[in-house]
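Take a look at the structure below.
Bear in mind these aren't lab numbers, they're just calculated from the coordinates by the rules spelled out. Source: prediction; values computed, not measured. Positions of Cβ are backbone-derived with ideal geometry, glycine not excepted, and every protein chain shown enters the neighbour counts.
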Amino acid sequence: MASCSSSSITTSANAYRYDVFLSFRGEDTRDSFTDHLYDALKRAGIGTFRDNEEINRGERLKPEIESAVKESRASIVVLSKNYATSTWCLDELLLILAQRRECSHFVLPVFYHIDPSDVRNQNETFAIEVQASSRWTNHNVNLWKKALKEVADLAGMVLCGPETEFLKEIVSTIYNKLDRKEVHLPNNLTGMATRYKDIHSWLNGSDAEFLAICGMGGSGKTTLARYIVYSNCQNFESISIVEDIGSRCKEPHDLLQIQEKLFADISGGKKRKIPSVCQGTFKIEEALQVKKALIVLDDIVEPSQLVALLGCGDINTQSKIIITTRENGIGKWFESRSWKCQEYQMKLLDDDESLELLSRHAFGVKTLMEGYEELAKQVLQYCEGNPLALEVLGSSLAQDNSILFWKSTLSLLGRDIDVGIQRVLIRSFNSLPHESNKELFLHIACFFVGKDIDYVVKILEHDYSAVSGIKILINRCLLSVSPNKKLMMHPLLQEMGRTIVHQESPKDPAKRSRVWFNKDSYDVLRKGKGSKTMEGLSLDMQMLKEEKYALKSSNLKTDALQNMDKLKLLQLNFVQLSGSLLEVFEPPMGLQSLQILNLKDSHKLIEIHNMSRIPHLETLILWNCQSLVRACDSIGDLTGLALLNMTGCKKLQTHLFVGVEASTSGGEVSKKPTFSFPLSLHRLFLKDCNLECTESFPLTFSVQISLQYLNLGNSLFEFLPCYDHLKNLRVLDLSLCSRLKWLLCLPSTLAELYVYYCKSLEKISFQSHRFTLQEFGYEGCISLCEIEGFIKLVPVAKLEENDLGHMKWLKEYQNHEMCLVGDDELTIGRSFSLQMLYEFDIMSTSMPDIKDPNMTSG
């Protein structure tokens, strides 16, 4: 017989395979009472073993039956009319009682339409005798008689009254005898107890019948729902867990099968065929009004599924229904109903919980084995608290607990997502309502994670309806927005999206719709390959050099771009493009869809021509193109260009800006403009371009009336023209313009002005004294003496005596050195001859060592 180390019924569930072993006479109760009992136990979350095979009399117990008894924490013996006529049943009873004596195995006798005294005294059908059959020997019969008396003497339950109530009593008795904190809960419940505490008040409250657990795939929503059921099923009449509804509802008959299960679970009867969805809804609706039920509807995708499964009627006020979904904000589904729903955003595991779950699956223990700390950090960083990913990776790492195997497995992270993880995550992607939503998700996954949401919308709105699409992705838990407005995506979701693109052409990156991996992008351009399917390409040569992939500079073939008719995003960082881009945009080439061109840090780029071939360009970034000399006049023809960033283009020939270029025709010299900024510009960056205010380039921006942001920092000019015509200008940055002396007639609508370290700046004035400046940065402006209408410093030596009134005597000290008192840039640490400060029409000065001769001491 089995030996057990514990004498308590509360032994950990991990020591057992089942909660309950069912012993019964098949011909009496298999298809009736025992079937109903088995179903009731199952719905209560009690793991039950039931032998489904009819055994001929005289056969001995099979080894798996013996194992099942020994691996169960309790047994229910259904004593019916013909129970004692089966040697099989009597042998089971011997084994069960032996287990009870040796291992504190709990035994519950159930007397089904028989008198317990008949069992105890072996009357009626329990009067067993020695027979000629080989099994009915004197020895066996004596053992069986003792067993029947022993089981009859135990505290049992006698069927009297309605069978449904009797079944509830049996389940309740078993439930109370077993320690349900440990029963039948799988090992992947790490962290569930803390999340259960977050929603415990919902179970005991009456404010909402529904709880919606929302979150990304694999985040533990279904596991938490099961945990809630297993922890509370004894408090409800009916229990039902319906899993994977979203993936199972492909055809109308699929919904029928789900309805049949749900109705059977709620009503407590056998599963019956339902002829139509409408009838199924009606039956479930009726049952919900009567039964106190705890229901889990897993993976609900749309509100119509709720209507089909639950109807629209009233629900028993004591019932609770849990929905798991990948949709956020499903509270709106309930706005037109009498039902109320509480939403719970599923929390991913923290680092400690993640480490415990990983260790459980990789090593079978809660704590990590020594020496695996750094490798485990890689796993945690990759999974970011997703339980499914931790389980899958932990299980795969359990195959070989050597450091070498771990390193080999983890080297694939970020490049090859596990099939099991992909299968779960891709459901959310496949359920997106529009094809444009899917394309938007893929574009963000490949290029825009961590980017500003406004920046992304500007690029993708035209092709993918990004404003509404991003909302849909957020609602499907595929995307989130950080507090600083950056688009964020779980690494597993990002990898899932990139895997979808990779599968478009696993072996040839040039045939994919998007290429983001630097090595692939480099090879596409180096080999001069491209395709009409390409919508986006990104290459950062600096990253490749750090990875030692491209050790030597290589002449990348710009003709690779010539076939990319659908190209919408081209981002080249630290790419050495020698000469001009003329050949790229020559007819018949035309990047009709391109909206952003980022050539940041292209140090050998000299010229830009034929920008008219990119008619829909909205953003042009030439930041730190140190060799750029000339930008062609076609930039001025880009009617949609809103942002132009030429920061750091130190060699730019600014004399050609809105200037003249001489040409000879018929012996006459004519002059024509060579370059002008587009009228559509909203943001213009010309910092570090060595700008000077000249006749050919007066920096007036006379026609760029839409300008909102202007950066002319670190320039060489001394004065700027009046900008009172720039009514939309909100930000002006002139920091590090060391020669700038005066800044006059600024727009009164300006919100931010930055003049950091403009050491020669003396005066600032606005179009009106009623200016609305909100941010003013003037650190290092050591010469600034006047902000018209606000503050002004004047040496006493320059004032007439009449200006001083009764303080005429100050003229005697006009050459006296003073240190100004104050805590801002206009006063702190500055030494002058005696000054008068005009501030808001009040005149004042500081004379700590000088006394007014007109004042007399008391």
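Per-residue packing, averaged as other Cβ atoms within 10 Å, sorts the ranges 438-451, 281-294, 760-773 into the order 438-451, 281-294, 760-773, beginning with the highest.
Would you order E535, E335 from fewest to most other beta-carbon atoms within 10 Å of each residue's own beta-carbon?
Going from sparsest to densest Cβ surroundings: E335, E535.
Sorting S395, S238 from the fewest to the most surrounding beta carbons within 10 angstrom yields S395, S238.
In terms of the Cα gyration tensor, with a ≥ b ≥ c the square roots of its eigenvalues, is the stretch 232-328 rounded because a/c is under 1.5, prolate because a/b exceeds b/c, or oblate?
Oblate, since a/c reaches 1.5 and b/c is not below a/b.
Which of rounded, prolate or oblate describes the stretch 351-413 when judged by the alpha-carbon gyration tensor and an a/c cut-off of 1.5? Rounded, since a/c falls under 1.5. A simple rule links phi to the HN-Hα coupling: the Karplus curve 6.51 cos²θ - 1.76 cosθ + 1.60 with θ = phi - 60°, which for the stretch 385-398 gives x, 7, x, 4, 5, 5, 5, 5, 5, x, 5, 5, 6, 5 Hz, with x for Gly and Pro.
How high is the FRET efficiency between S206 and S304 when r is their beta carbon distance and R₀ equals 22 Å, given to the nearest 0.05?
Numbers: r = 27 Å, r/R0 = 1.25.
That gives a FRET efficiency of 0.20.
Between R17 and K62, the FRET efficiency from the beta-carbon distance, with R0 = 22 Å, is close to 0.90.
At a Förster radius of 51 Å, what calculated FRET efficiency corresponds to the Cβ-Cβ distance of F405 and L744, to the nearest 0.05?
In this case the efficiency is close to 0.10.
Around the amide H of F21, modelled in the peptide plane, lie the amide H atoms of F49, A74, S75, I76, all under 5 Å away and 5 or more residues distant in sequence or on another chain. Counting 0.36 nm for each residue step from D314 to T125 and taking away their Cα separation leaves a gain of 63.1 nm. Place a label point 7 angstrom from the Cα of S338 along the Cα-to-Cβ direction, then list the residues of the stretch 290-305 whose backbone nitrogen is under 17 Å away. It comes to 290-293, nothing else.
With neighbour counts taken as other beta-carbon atoms within 10 Å, the residues C745, C214, C383 rank, fewest first, as C745, C214, C383.
Across the stretch 721-728, rounded Karplus estimates of 3J(HN,Hα) from the backbone phi angles (6.51 cos²θ - 1.76 cosθ + 1.60, θ = phi - 60°) give x, 5, 10, 5, 7, 8, 5, 9 Hz, Gly and Pro being marked x.
Once backbone amide H atoms are built at 1.01 Å from N, L211 has I321, I322, I323, Q342 as its partners under 5 Å, excluding neighbours fewer than 5 places away on the same chain.
Note on the stretch 241-294 and the stretch 735-759: Cα centroid distance 72 Å, given to the nearest whole angstrom. Label-to-label distance for K651 and C160 is 10.5 nm, based on points extended 7 Å past Cα in the beta-carbon direction.
The distance separating the Cα centre of the stretch 384-429 from that of the stretch 132-152 comes to 56 Å. Put a dot 7 Å past the Cα of K532, heading toward its Cβ, do the same for S612, and the two dots end up 2.6 nm apart. Apply the a/c threshold of 1.5 to the C-alpha gyration tensor of the stretch 432-502 and tell me whether it is rounded, prolate or oblate. Because its axes are fairly even, with a/c under 1.5, the stretch 432-502 counts as rounded. Length gained on full extension, D637 to K486, computed as 0.36 nm times the residue gap minus the Cα-Cα distance: 51.2 nm. Normalised radius of gyration (Cα atoms, divided by 2.2 N^0.38 Å) for the stretch 13-177: 0.98.
What is the sum of charges, Lys and Arg at +1 and Asp and Glu at -1, for the other residues whose Cβ falls under 11 Å from the Cβ of G311?
Net charge around G311: -1.
Between K507 and R630, residue separation times 0.36 nm minus the direct Cα-Cα distance comes to 40.3 nm. Going down the list K197/K332; K377/K407; K221/K292; K486/K532; K250/K438, which pairs span over 21 Å between their C-alpha atoms? Those over the limit are K197/K332; K221/K292; K486/K532.
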